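Okay, so here's the structure we're looking at.
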Amino acid sequence: MAMAPRGVNDDQADYWNGDAGQRWVDGQEAMDAMLAPFGEAAMEAAGVAKGAEVIDLGCGCGGTTLELARRTGPMGRVIGIDISTPMLRRAQQRASEAGLSHTLFINTDASTHGFEAQKADLAFSRFGVMFFANPIAAFANIHRGMRAEGHLAFACWRPVGENEWVTVPREVALRHVAPPEPMKPGAPGPFAFAEPAHVATVLGRAGFRGVTLARFDHAMRHEGSVEEVADAVARMGPASRLILDASEDERSRILDDMRETVSRRHDGKGVDLQSAAWIVTASA
Ligand SMILES: C[S@@+](CC[C@H](N)C(=O)[O-])C[C@H]1O[C@@H](n2cnc3c(N)ncnc32)[C@H](O)[C@@H]1O
């Protein structure tokens, strides 16, 4: 596994190689359980053929890479690309343990990586393509690696207001700390592709055709006691940064408030938080 070079997405590389990446590694099983339905919806929309050559963009800890490899079978090949070294290490370890030797992991920036030209049948991602500083250049680069008959399919988040996994912890945090600077629409981050017109423009300018966006709604389930769920919810999404940056006193008040909020929604076994995604497809 080669090391990621530094480049245009250095801020994201620092973020995903730091605490955030480690949190994903530590919480990998729970994250995969929560996010699996989104990946499956994107795979169903894409249609993963036996023997296909697939690129899994921003594959993280590899949950979707493994599932794609099961779907292509050993005559296919799935290349997981990610900028995070700790997450990709976990992905590689899981692929070895599963005996999926037709997977390959490359620790690099998908926006500038020299993909083999016109090779991939499918470029896929579960929430891994919203972090590019220059999304048109990034998708044009990915497009160069795809066969003329190839397809693109990915899951990305709809607007913040439709996603309780963001609004619930954010509302709690903002009762105790000042709001952050508002993000510019389309800025790199989980909600960069919330607006359909922006997605269509980016992909169209990058060379893709026939862009479609389908709504996908899912109740994300957090199993555990009130304390466990409150702790997990506090680590999710943009509010987690507010909580990390808070003073010790503020953090303790936020966590007390989070437990109180979670206890009101807890059904004895856990909590459901609504989440809203787009399943985006396009042709190369
Ligand atoms: C929200 S996580 C999703 C991880 C994984 N797809 C999943 O569903 O579990 C976003 C992933 O995108 C990766 N990423 C962000 N920017 C990237 C880039 N420019 N090139 C490659 N990977 C990138 C991060 O390191 C991280 O693993």
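Does region 89-169 come out rounded, prolate or oblate by the C-alpha gyration tensor, with a ≥ b ≥ c the root eigenvalues, rounded set by a/c under 1.5 and, if not, prolate when a/b is larger than b/c and oblate if not? Since a/c reaches 1.5 but b/c is at least a/b, the shape of region 89-169 is classed as oblate.
From the square roots a ≥ b ≥ c of the eigenvalues of the alpha-carbon gyration tensor of region 40-144, which class results: rounded (a/c under 1.5), prolate (a/b over b/c), or oblate? Note, shape of region 40-144 comes out oblate.
For Arg215 and Ser263, the FRET efficiency from 1/(1 + (r/R0)^6), where r spans their Cβ atoms and R0 equals 25 Å, is about 0.20. Membrane-span-like helices in the chain, defined purely by DSSP H runs whose alpha carbon atoms cover 20 Å or more axially and whose average Kyte-Doolittle hydropathy reaches -1.0, are 28-46.
For the chain, adding -39500 (n - 2.57) for each run of n ≥ 4 DSSP H residues and dividing by the number of residues yields -13500 deg cm²/dmol at 222 nm. Sorting His222, His266 on solvent-accessible area from highest to lowest, probe radius 1.4 Å, gives His266, His222. The length gained by stretching the chain between Ser247 and Asp10 to full extension, at 0.36 nm per residue less their Cα-Cα distance, is 82.6 nm.
Counting only protein heavy atoms and a probe of 1.4 Å, the accessible surface of the chain is 52% carbon and sulfur. At a Cα cut-off below 25 Å, give the lysines reachable from Lys50, other chains included and same-chain residues fewer than 8 away excluded. Straight-distance partners of Lys50: Lys119.
A 1.4 Å probe run over the chain, with the rest of the protein chains in place, finds 46 Å² accessible per residue. Summarising the strand pairing of the chain, around 50 percent of its internal DSSP beta bridges are antiparallel. Rounded, prolate or oblate: which one fits region 162-267, using the alpha carbon gyration tensor with axes a ≥ b ≥ c (rounded when a/c is under 1.5, else prolate when a/b beats b/c, else oblate)? It is oblate, given that a/c is not under 1.5 and a/b is not larger than b/c.
The values are calculated or read from the model by the stated rules, or taken from the named source; none is laboratory data. It should be emphasised that the depicted structure is a prediction, and the values quoted were computed from it without experimental measurement. Counting neighbours? That spans all protein chains shown, and the Cβs are built from the backbone with ideal geometry, glycine included. Keep in mind that these areas ignore ligands, DNA and RNA; they rest on the heavy atoms of the full protein, side chains included. Shrake-Rupley method; radii C 1.70, N 1.55, O 1.52, S 1.80 Å.
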